[in-house]
1. Springs between alpha-carbon pairs under 10 angstrom, Gaussian network model over chain B: which of B:427, B:206, B:219 fluctuates most?
2. Using Cα-only point scatterers and the Debye equation, what is log10 of I(q)/I(0) for the stretch A:302-436 at each q in 0.09, 0.13 Å⁻¹, rounded to two decimals?
3. May I ask you to order A:70-80, B:36-46, A:185-195 by the average number of other C-beta atoms within 10 Å around their residues, highest value first?
4. Can you compute the equivalent ellipsoid semi-axes for the stretch A:22-189, i.e. the square root of 5 times each eigenvalue of the Cα gyration tensor, sorted largest first and rounded to whole Å?
5. When Rg is the radius of gyration of the Cα atoms in the stretch B:379-421 and Rh is its Kirkwood radius, what does Rg/Rh come to?
6. How many partner chain Cβ atoms sit within 10 Å of a residue's Cβ in peptide B:57-70, on average, as a whole number?
7. Along each of the three principal axes of the Cα atoms of the stretch B:86-172, give the extent in whole Å, ordering the values from largest to smallest.
8. Just report the Cα centroid separation between the stretch A:433-487 and the stretch A:362-398, whole Å.
């Protein structure tokens, strides 16, 4: 009995429509994940009924029974013709546009009026029904939604869904329609790299979020790899460049292990296990072995009756695996280098690296990418940073955070906020800064690629009594290459970089530095009568038409200067 | 926006700075590149807000700050923020039986109405404020007595059974009935009383006292409910403490018995108190009197109506009877007259018929039965027999016309032709047969 004399029944989750419950969904080609935000604003990934946080994007039918996730994935061995996998990228495309390579081991798409569809046995009888990609997607989203609703105990009404940066508008529309068919409102579709950045930004203080830097996001998935350079300026994100490789991913690494084990099996039993069904078994187990190798230095594989009734047990160590997979790693590294080039930046311009996607667990990939950048650059991957978030969960977390930010918005609000009139903004082509120090060096206050209108405040020390000058300049970034005598430190990182550096060991090494120089002076302001030990605060305000507003004042006094630089005619 | 602190100094103003103005513009900014911002993250949403409402940074900062302040205020107002009196803060946690648990958690305006959620929140808030660690950090004396009070209050209020026991004896939630002499609004004063008493009802919702406009059924239901009140109120909270196990067993049982007795006694008293309360309310309730009067009026109205109706009916019956009588008398008179008339007519007709018959028989006799000389008796018989047959068959009117034409006819031939005509007519009418007539046959 309750102390409250009128115990009201708990709100029925089916009826209570006033409260919106929103989640983030990372809809991947290989796996999907769902996340929600706790009342204190932290994003948490939801495990489905089977306890999986990475839910394979696989649906399978046996009779009228529908399987989803890990259960469906295991059907790839026995029931591959009724199992649909890797279908995300088919959504919203015409049959003629899709690449069905990855579907060779599962139900193969067929052309129904240009829409990719699947012929599946879905009933208890032998009849084959045709299911379009849109219906498959709807089923998948419903299963994800139901898992989240079960976990939260409230009916999920809306979601933010992440998609790759190359998802076309028709694909987005198809995704929204598929979600709507499953009674799930898509609040917003955001790009995976931005979601990953958001997931990390959510751990930071507002000050840290405001720090300007270029973030490289490498999204290494199961069937494809994407890379993007995201400019983070005052917490706003602009994608500067993207690169995609549709053949690269975790499956390629699985293939490496499959080949390795197949050879071993042939050596032992003189039987090639690469028949369709054995291969499916081997693939499934090799994936597990790959995961173990990301954590430990060796892993075992054990498959009963792999081929011709022979059982297969074997062990592989990480070094062996990394050597075999070197080609794949090289491709990933070149993808990363490529995207930086595409953004017209230098590797030195990158301030932070985020590795996202399941393949990012591989330590060698993280260390290879980390080797590209100076040591000061954080590489957010489990192998290189102990505090890194789980790379498989980044998209879902980012989506959940975005969902919690816009949950109170109306549909109209969201549409207005994502309208091109708001999102398309002029970005500074050159950094703006002031000249400081004895050597008159350039100090950036507003980075290049900052969206305007923008405002920054900087405080400078005053060294001696007297007058000081605030010289506002546009800067230019140069890469200075210096030849320096290389200190012999070959032994230090012998085991992972000996191949590349053996020949260079004795040579002079190039040291590349990023230097900012004054490009042109915009304005000068004189501040008279500053006291030693005081501080000068400079506020720079750039309006959307590139007008510049400068206010410089000595902190705690009335001394100050204000000035305005009108925009160049026709430049805005 | 927070400012970035840069430790390097600004250069000194060069000696050749000779401008009057302290701000010189050299060149405009380089042209910008248009790019797409990713519509995600809190800072983008701030940007979108500024853009949509075309606010500047400082305007937006100000508006957001105002909104935040408002939100915080709203939150505080909606939550529990009662002042803590020094008396409350200095309570002895050992005296928890007399402690007002709701006041300790700052819920004294909600009391039995406070939801579990409110209690939880209030407790959290109070714990944050009064935790001994926090006090120690501030450097205050190590005094956790109020914290213990908070914990005890939570212990009681978070347990549904204990909370009911406390609610049963929570004096703070009781409302005294308005005194009989006070001129205040009956419904307002007593409504609150019944609302607070209603918290003990097992049956929910409790009917409301209502107001002047309440229907009789509602009022009756209200008093019925209160006279059959089913209360969950218990008085365990006021029990004398039962001594520990190691004490005398008899003593323990004695106290338990005493407690049970006092609980029962209190319960009886409470029932009696409530009964009296309802009696008082009923006696003061002007609606009862109003309803009674209305009923009386209604009953009287009915009676009057019935009497009037009876009177009207009696009058109507009387008028009807008179009319009937009159009508009957008239009818009788008319009938009498009619009878007399018809008798005369009948006699006249009879006479006429006799006379006609005589004429008819006379006519044949006058013409000597249509023969010359003495007529044979057989002939006379047959002629008279046919005349009788005609008389029997002919109706009165035809008889008269026949009699007339016969008296007009002169001579045997004319009389005979008249007879033949009359017989022909009779045969034509179908009242006589042609073969019956020999003499008068055509």
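1. Of B:427, B:206, B:219, the Gaussian network model singles out B:427 as fluctuating most.
2. Scattering profile of the stretch A:302-436, log10 relative to I(0): -0.50, -0.86.
3. Values: A:70-80: 19.1, B:36-46: 21.6, A:185-195: 24.5.
Taking the mean over residues of other Cβ atoms within 10 Å, the ranking is A:185-195, B:36-46, A:70-80.
4. Here the semi-axes work out to 26, 19, 13 Å.
5. Over the Cα atoms of the stretch B:379-421, Rg/Rh equals 0.97.
6. On the way: counts 5, 3, 0, 0, 1, 0, 0, 0, 0, 0, 0, 0, 0, 0.
Whole-number average of other-chain Cβ neighbours for B:57-70 is 1.
7. Extents along the principal axes, in whole Å: 40, 25, 20.
8. 30
None of the figures in this text is laboratory data; all of them are computed from the coordinates on show. Just so it is clear, the structure is predicted and the values come from calculations on it, not from any experiment. With ideal geometry, Cβ positions are generated from the backbone for all residues, glycine too; neighbour counts draw on all protein chains shown.
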